[in-house]
Structures are given as C-alpha cells and as structure tokens.
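**Student:** Sharing a structure here in structure tokens format.
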Amino acid sequence: MSEHLQIEREQGLLTLCMHRPDKKNALTRAMYSGMAEVLVQADQDKSVRAVLITGGDSCFTSGNDVADFIQAPPTGLNSEVFQFMQALFEFSKPVVAAVNGPAVGIGTTMLLHCDLVYVSRDAVLKMPFVNLGLCPEYGSSLILPRLLGHARAAELLLLGQRFTGEQATAWGIANEALNSGAETLSKAREMALRFQQLAPAAVADSKRLMRAPGREELRRVIEEEGALFGQRLRSPEAIEALTAFMQRRTPDFSKFA
Ligand code: COA
C-alpha cells in the first residue's frame, strides 16, 4: 500500500485519505493502485457500509501527478488510474467525498462518481484538461453537459475555468458548501455514518437503480475518452503544457496550427 494513503475504520465507515501534502496530494500510480485495492476489498467486505474519500482539511488533490504523466503516461484500461476509476464506478455501496482546498482534474472528475459530496465554500475545483493539451476523462464529457447544460459545462471543460465549492453546490455537483475544512470533514463523516443504521441491501439496490439509466452509453463514452486521453498525452500540445507546468512557465500553444 502506498505510504501516501491513510486508511481508517470507524464502525462500518472506511475513510480513504489521500496524503501527500508536499505535492498537494498529487496522485501517483502507486496511490491509484492502492485506492483501487481498498475499494475492491471494501466492496466485498460486508462490514463496510460506506466509504469516505478525502484529502484532509486543506487540500483534496491537485490531480494526476504531472511528472508521472510525462515519465509514465497511463496506457489504456489496465493503467492504475483506470483501475481506480473503474473500482469507483462499479462500487456498490455509498461513496461520500469531503472536499477542501484544490480539487483539480481527476480530483473533480471523481466527484461525479461519488454519491454525496460535501465541500468547503472556498474549495477550488477545476478540470484544466484543455489547458494541459488533454481532453475530458471518465465520463465527464457526458455527465457535465447533462447536469449543467452545454454552456456552463463548456466554461468548465473547454476553458478549464475554475469554480468554487459554493458554485459546485448551486450547480448540483455537491450537496452542501460548508464554512471550513473541519466543518466539511465533520459533515461528510456524519452523513457517511448514517449508512450504518440503514439496510445495506436496500441502499445498494437504490444506488444501482439511480445509476442504471444511460450506464451503457456512459461506459462507451468512458472508453472513447480514455483512448483519446492516452493519445493526447503523447501529443506535442500536451508535452508542451506538461513540461511548462514542471518548469513553472506558461505553455506556448502559438506554434500549433
Ligand atoms: N503533479 C505533480 N506535482 C504537483 C502537482 C501535480 N498535479 N500539483 C502540485 N504539485 C507540486 C508543485 O510542483 C510543488 O512542488 P515543489 O514544491 O517541489 O515545487 C508543490 O506541489 C506545491 O504546489 P504549488 O503549485 O506550489 O501549490 P499552490 O498552493 O500554489 O497551488 C494547485 C496548488 C493545486 C492549485 C497547483 O499546484 C496546481 O494547479 N497544480 C497542477 C494541477 C494540475 O494541472 N493537475 C493535473 C490535472 S490533469
């Protein structure tokens, strides 16, 4: 298990905390792999009633580790990131997220596959895929326009515009915006613990029914996005953008026709 993951159990609640503070919880292949393993085991473990995903009280995650993107880009459906997202997508029990500070890239995408999302008012969410020469991932190109309408989704996915926890709540991405990191964690924990008192099979059936409509279409889009994302990662545009991030400069896309 990655040293950058903290796993806690409290009654039937399993908390999965991304913990790599010096890199703003940027997700490495080892972290994805560990998170996938935790979810697969938790799904099989009857004593787990719900999972809480967090990055602590000041940062959710800065998204995929950019150095990993350059050195060892994910190569298809067997890659660690896909294993994690697949485990989240297929998870039969409720997943609750507590989001504080930045939630970048996959940090925002994964929220679309959680069941309950609590955010701090001033959390900063963004999906800067185009800014990195990439494209949307894991169903967001289908889910977001349906949830927000094309125009607002275009600001988020075609401009990579950031938004706050308060906006995420107003737009239906999150359940509630809270005043501080501590309040967000506490609220998410309180709601996740409620599943302890509920009938587990009834909850799982209800989640499955809620997720069923359009699921095959979503799977198809996820595969299409995944293939394109892999190609884009190797594109000159992405190489320029990712290198620029590491060199702390603005990418120069002027040379691309
Ligand atoms: N991958 C690798 N390292 C990352 C990272 C990432 N996704 N995000 C942040 N880091 C590193 C920085 O390089 C820096 O490392 P250093 O101290 O060795 O120089 C450290 O984490 C702190 O980041 P910094 O940018 O100084 O913190 P900040 O508070 O000013 O900003 C963010 C935080 C999350 C807003 C900003 O780091 C960011 O935008 N990160 C990139 C997000 C991104 O593009 N992710 C990929 C999406 S597909």
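**Student:** Using only Cα atoms and rounding to the nearest 10 degrees, what angle (0 to 90) does helix 236-246 make with the longest principal axis of the chain?
**Tutor:** The angle comes out at about 70 degrees.
**Student:** If you don't mind, there's one more thing I want to ask. For THR109, THR75, write out the residues from largest to smallest accessible area, computed with a 1.4 angstrom probe and no ligands counted.
**Tutor:** Numbers: THR109 0, THR75 100 Å².
Largest accessible area first, the list is THR75, THR109.
**Student:** Mind telling me which of ASN25, ASN64, ASN179 comes out most flexible in a GNM of the chain, alpha-carbon contacts under 10 Å?
**Tutor:** ASN179
**Student:** Let me ask something else. Taking only DSSP H segments of four or more residues, each worth -39500 (n - 2.57), what value at 222 nm results for the chain once the sum is divided by all its residues, to the nearest 500 deg cm²/dmol?
**Tutor:** It comes out at -13500 deg cm²/dmol, rounded to the nearest 500.
**Student:** Comparing PRO74, PRO213, PRO236, which has the greatest mean-square fluctuation in the GNM of the chain with Cα pairs linked when under 10 Å apart?
**Tutor:** Among PRO74, PRO213, PRO236, the largest GNM mean-square fluctuation belongs to PRO213.
**Student:** What angle, in degrees between 0 and 90 and rounded to the nearest 10, separates the Cα long axis of helix 80-90 from the longest principal axis of the Cα atoms of the chain?
**Tutor:** Long axis of 80-90 versus the principal axis of the chain: about 40 degrees.
**Student:** Rounded to two decimals, what is the ratio between the C-alpha radius of gyration of the chain and 2.2 N^0.38 Å?
**Tutor:** In units of the globular-protein estimate, the chain measures up at 0.97.
**Student:** Express in whole angstrom the spacing between the alpha-carbon centres of the stretch 144-184 and the stretch 195-242.
**Tutor:** Their Cα centres are 18 Å away from one another.
**Student:** If you don't mind, another one. Which pairs in the list LYS24/LYS126; LYS46/LYS207; LYS24/LYS207; LYS126/LYS207 are over 22 Å apart, alpha-carbon to alpha-carbon?
**Tutor:** LYS24/LYS207; LYS126/LYS207
**Student:** Sequence gap at least 6, Cα distance under 8 Å: using those rules, report the relative contact order of the stretch 86-227 to the nearest whole percent.
**Tutor:** On the way: 213 pairs, mean separation 43.4, N = 142.
It comes to 31 percent, rounded to a whole number.
**Student:** Among rounded, prolate and oblate, which fits the stretch 1-57 when a ≥ b ≥ c are the square roots of the eigenvalues of its C-alpha gyration tensor, a/c under 1.5 means rounded, and a/b larger than b/c means prolate?
**Tutor:** Oblate is the answer for the stretch 1-57, as a/c is 1.5 or above yet b/c matches or exceeds a/b.
**Student:** Roughly how many Å² is the accessible area per residue of the chain, as a whole number, for a 1.4 Å probe?
**Tutor:** That works out to 48 Å² per residue.
**Student:** When a/c is below 1.5 the answer is rounded, else prolate if a/b is larger than b/c, else oblate, so apply that to the stretch 58-140 with a ≥ b ≥ c taken from the square roots of the Cα gyration tensor eigenvalues.
**Tutor:** Oblate, because a/c is 1.5 or more while a/b does not exceed b/c.
**Student:** Within the stretch 82-180, what whole-number % of the accessible surface is contributed by carbon and sulfur, with the 1.4 Å probe and all protein chains included in the calculation?
**Tutor:** 53 percent
The values are calculated or read from the model by the stated rules, or taken from the named source; none is laboratory data. Source: prediction; values computed, not measured. Accessible surface areas use protein heavy atoms only, side chains included; no ligands, DNA or RNA. Shrake-Rupley method; radii C 1.70, N 1.55, O 1.52, S 1.80 Å.
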